């Protein structure tokens, strides 16, 4: 598999001028989402602050694919939506019959927001208005599709009720702009570049959810939570829009060296300002958010860091 690479070479320390740095791979998502720039920022943190290591962010099909990459050892770290991580860890949903028992978490890093986007003059103003339309539900194997399908099915809408297209973020934005589809789903940390670019060329609308629709989604997927998209998030978005959010998890294999896992977790929370400078989603990268939101067991190296800083770990977060 060929990956685009977003950089991060560590400068070798003077104490070991001839030693080659060990490279870690970070499975992210498409270039139009948040995973790729966030993963690139994390790669820079690793290269700059962890002696003897460098890292590179890889473009992938996102959450579902990323779990397989970590499980097989093809990637060292991966960004994925909490419901996908939970399903992989427990062998449910898309991972029915193939439990990935070696998946562990370093942290939950920020919440995604499910964003349903259409053109302002499309006539689509509610979830039910998607019926009979052509709608992108996200790239194959992406957390966006997992979230879209869960939200729709919880509210009585199946793929049989509309024409589903499986497009990545940039493809979805282009198809909406060109009139090839009527609406599209994003499950990503807002604001995201592909929607921002679309909003500069077309008048868009973000479709809000009712409280009843949110309640049904949360009943089906307990990792969902109500999330309000702020007014002004995108050009022409004059009012806040109610949606749902879901945490993003930084996952690794249980086989990762404990000291490496500890160092990555420490850098993540103690050099966060460098990540915020790359993407505003990192404003939510806090110890508090992580221990409140992570749905699976932490890696022992991450646990060591949380215990050092006095975080209260939940029972299900211990291996």
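Remark: the residue 226-residue 165 segment gains 19.4 nm on full extension, using 0.36 nm per residue and subtracting the alpha carbon distance.
For the chain, DSSP calls about 70 percent of its internal beta bridges antiparallel. For the chain, relative contact order (Cα pairs under 8 Å, six or more residues apart, normalised by length) works out to 22 percent. Considering helices alone, the calculated mean residue ellipticity of the chain at 222 nm is -10000 deg cm²/dmol, with DSSP H runs of length four and up weighted by -39500 (n - 2.57) and normalised per residue. Residues considered: 137, 309, 114. Largest GNM mean-square fluctuation over the chain, using C-alpha springs under 10 Å, is found at 309. Take every pair of alpha-carbon atoms less than 8 Å apart whose residues are at least six positions apart; their mean separation over the length of region 112-246 yields a relative contact order of 34 percent. With both labels modelled 7 Å from their Cα along Cα-to-Cβ, the residue 304 to residue 203 distance reads 5.8 nm.
Divided by 2.2 N^0.38 Å, where N counts the residues, the Cα radius of gyration of the chain comes to 0.98. Rounded, prolate or oblate, given the Cα gyration tensor of region 133-199, with a/c below 1.5 counting as rounded? Taking the square roots of the gyration eigenvalues as a ≥ b ≥ c, region 133-199 is oblate. Remark: spin-label model distance residue 133-residue 312 equals 4.2 nm, labels positioned 7 Å along the Cα→Cβ axis.
Would you kindly work out the equivalent ellipsoid of region 238-319 from its C-alpha gyration tensor and give its semi-axes, the square roots of five times the eigenvalues, largest first in whole Å?
Those come to 25, 16, 12 Å.
In whole Å, what three semi-axes, largest first, describe the equivalent ellipsoid of region 167-319 built from its Cα gyration tensor (square root of 5 times each eigenvalue)?
Values for region 167-319, descending: 34, 19, 15 Å.
Using the Cβ-Cβ distance between residue 259 and residue 90 with R0 set to 45 Å, the FRET efficiency from 1/(1 + (r/R0)^6) comes to roughly 0.95. Can you bin region 70-116 into rounded, prolate or oblate? Criterion: square roots of the alpha carbon gyration tensor eigenvalues sorted a ≥ b ≥ c, rounded for a/c under 1.5, prolate for a/b above b/c, oblate for the rest. In terms of gyration-tensor shape, oblate.
The Cα atoms of region 112-246 define a convex hull whose projected area, averaged across directions, is 6.8 nm².
Remark: relative contact order (region 65-136) = 18 percent; criterion is Cα-Cα distance under 8 angstrom and separation of 6 or more residues. Counted over region 112-246, the DSSP beta bridges are approximately 75% antiparallel. Sorted ascending by nearby beta carbons within 10 Å, beginning with the fewest, 186, 71 become 71, 186. Our note on the geometry: Cα centres of region 57-99 and region 263-290, 22 Å apart. Full extension of the chain between residue 218 and residue 99 gives 40.5 nm of extra length, using 0.36 nm per residue less the Cα-Cα distance. In this simple spin-label approximation, residue 211 and residue 51 carry label points 7 Å from Cα along the Cα→Cβ vector, and these lie 5.7 nm apart.
Every number in this text was worked out from the coordinates using simple rules, so none of it is lab data. Computed from a predicted structure; not experimentally measured. Neighbour counts run over all protein chains shown; Cβ positions are idealised from the backbone, glycine included.
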